[in-house]
Amino acid sequence: MGIREFVGRHRIASTAAAPAILGVAAIVAVTWAASPGPTTIDTEMTSSVTECHDMVTISVAGRGDTPREGETKMLLDANGNPLPAAMSGDYSSNWVDPVVNAPDNAVDPDSYAAVYIAYPANMASYEDAVNAGVANTESVMREIAVACPDTKFSIVGYSEGADVVRRVATKVGHDEADANGNYGVVDPDNVVGVVIFADAGRSAGDGPFIGAEDTFANPDGFDQKYQNGKNPTSGKGALPGTSGDFGALNGKIASFCSDGDLTCAAPENISLLQLAVNVGRQINVDALERDGLTPATGQDVAVTMGKIAFAAFADIANNPNWMQSDETFLDVLLKVSDPAYKPGATPPPATDASSISADAMSPLAYLPQKIFKEIIGLVVTNQNTIPVVMSDPYNTTLGPNHSGHHFDYWRDANPETGKPLTSAEYAAAWLTELAKQAQNGEPVDKSVKPSQASLAAALSPEAETTTSTTTTTTTPATTTPGTTTPSTTAPTTTEAPTTTESTTAPATTEPTTTTEAPTATPTTTTATPTPVS
């Protein structure tokens, strides 16, 4: 089944419930699906990193969409110990499968494999979950690279997983070899492509192909245009602290962002909403979404905001010229509320009131001007806050039945305006070409054009799926999260996709209910998971 049919055949029940942090921190929930219920499956572990492939795609899906030890057959390291990962034949993500399994039938059976990274994939603490995802991704890539030094990597992330992938790719791209020629994760030359759907670290004005010769047309090495024109998606990512280029991986990046997806296309001048986002990254949004505002969740919010306020006053205390500066208190709050903020020196000890000098009093002369700057700053940096709030940012991004713009990547083709493939189809065709090059031992060709067969594989509505495995022996039955196309309501259907090594086209089922990325539960004897709202 091709990606378009995959999108069109299923409908999803909505379980989205917006968190109530300052009334708008739903933006923080940016990209992530509800967790499935427990399942029971055969947990025999069979696949090992020692089963080498020409190319391996490292896949990091969204909220609730992750392998779980005890429920999924886990990948083994060279010593037989389970790693935080599962082969795509043992785990299925209904959103990501159509992309990462696309190369299966285009190359030899043992040439290509896709691996899903296991990580918390929740919002009990968003930052902790993402950091765990980064650590697990790096660990698995290192294990594969050591066991199979000739293997090439591609990396794909969606939603919460997009944040993981951006951070990993940034580290890999800026890494330098040590005296022995070793890298912290893998040699950046061995990473041939990175795909990020809903890039929360996207900078304003970025085209999809960061660092490429034509940042709006195609990544280097794939001479198939994604779109005509050079108009960037408006806005920027909701997590500006993770922004930046990708160093040695520039030109190998495809960062897709849909207008209206506030995870990657947040308007400028919404500083109060950005503050809410930063708060949400540090509290238990899962509990707040599930239980509402209770004494426990309220205490969580209050403690976090108290820490931020304390950090703000400490930061100001360490800047003796703050009163004279143009930095407003809101600027300070935004700075210290970022989880990546590193406080400076400890504040100086308080001076006894009886010995305050004229120098210590002099900043008070700036108070009227400072108050004026605070007022102006608050107005200017929030010009778009009210319009965004009035547009219902949660539903704009994560609307019911997956009608929000966070799910556009599987339905955003528009041939009439020069965009013949959806973002997912384009990524699938690119990965397929990269897998062919890896199988042939070819370096990335700067002028390669996709063959008609590659495009047909990505677009075919009747692509055949089989159940042969890449390095594993089981084919999971996936949950079929559904979705609706932007203008069509698809009928409710449940379909068990086979996502394994031999799928010629992105062929799987489509996501089910979620606040974000659908949750597909990998199993061999599993019941359809019940989403939690």
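The values are calculated or read from the model by the stated rules, or taken from the named source; none is laboratory data. Since the structure is predicted, the reported quantities are computational estimates derived from the model, not experimental observations. Please note: Cβ atoms are built from the backbone with ideal geometry, for glycine as well, and neighbour counts cover all protein chains shown. Note: accessible area is taken over every heavy atom of the protein model, side chains too, but ligands, DNA and RNA are not part of it. Shrake-Rupley method; radii C 1.70, N 1.55, O 1.52, S 1.80 Å.
Considering every residue within the range 189-209, establish whether at least one is assigned to a loop (DSSP other than H, G, I, E, B) and within 26 Å of Pro82 (Cα to Cα). Checked against the condition, which is being assigned to a loop (DSSP other than H, G, I, E, B) and within 26 Å of Pro82 (Cα to Cα), the range 189-209 yields no hits at all. The set of residues in the range 144-162 being among the aromatic types (Phe, Trp, Tyr) and not in a strand (DSSP E or B) is empty. Pairing residues of the range 216-227 that are within 11 Å of Val192 (Cα to Cα) and in contact (Cβ under 8 Å) with a residue 12 or more places away in the chain with residues that are among the small types (Gly, Ala, Ser) and crowded, with 21+ Cβ neighbours inside 10 Å, at Cβ distances under 6 Å and at least 6 apart in sequence or on separate chains, gives Pro219/Ala254. Looking across the range 243-291 at every residue that is out of contact with any helix residue (DSSP H, G or I) (no Cβ under 8 Å at 6 or more places or on another chain), open to solvent by 10 Å² or more (accessible area, probe 1.4 Å) and part of a loop (DSSP other than H, G, I, E, B), the one that is farthest from Glu127 (Cα to Cα) is identified as Lys252. Contact annotation: residue pairs with Cβ atoms under 6 Å, 6 or more positions apart or on different chains, pairing a residue in the range 45-72 that is at positive phi with a partner that is among the hydrophobic types (A, V, I, L, M, F, W, C), are Gly64/Ala33; Gly64/Ala34; Gly64/Ala121. Quick check on the range 125-134. Is at least one of its residues open to solvent by 10 Å² or more (accessible area, probe 1.4 Å) and either part of a loop (DSSP other than H, G, I, E, B) or farther than 14 Å from Ala162 by Cα (or both)? Yes, because at least one residue in the range 125-134 is open to solvent by 10 Å² or more (accessible area, probe 1.4 Å) and either part of a loop (DSSP other than H, G, I, E, B) or farther than 14 Å from Ala162 by Cα (or both).
Results for (1) hydrophobic (A, V, I, L, M, F, W, C); (2) without any contact (Cβ under 8 Å) to a residue 40 or more places away in the chain; (3) part of a loop (DSSP other than H, G, I, E, B); (4) open to solvent by 20 Å² or more (accessible area, probe 1.4 Å), shown as yes or no for each residue.
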residue: Arg142; (1), (2), (3), (4): no, no, no, yes
residue: Val164; (1), (2), (3), (4): yes, no, no, no
residue: Arg167; (1), (2), (3), (4): no, no, no, yes
residue: Glu176; (1), (2), (3), (4): no, yes, yes, yes
residue: Asn180; (1), (2), (3), (4): no, yes, yes, yes
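Considered as a group, the residues in the range 228-252 that are among the small types (Gly, Ala, Ser) and closer than 30 Å to Lys152 by Cα include one that is modelled with the lowest pLDDT, and that residue is Gly241. For the range 59-72, filtered to residues that are part of a loop (DSSP other than H, G, I, E, B) and open to solvent by less than 10 Å² (accessible area, probe 1.4 Å), the residue that is farthest from Ala102 (Cα to Cα) is Gly64.
Each row is one residue, and each column tells you yes or no for (1) within 13 Å of Ala200 (Cα to Cα); (2) among the β-branched types (Val, Ile, Thr); (3) in contact (Cβ under 8 Å) with a residue 24 or more places away in the chain.
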position	(1), (2), (3)
Asp261	yes, no, yes
Cys264	yes, no, yes
Asn284	no, no, yes
Asp291	no, no, no
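Of all residues in the range 295-346, those being farther than 21 Å from Tyr126 by Cβ and in a loop (DSSP other than H, G, I, E, B) number 11.
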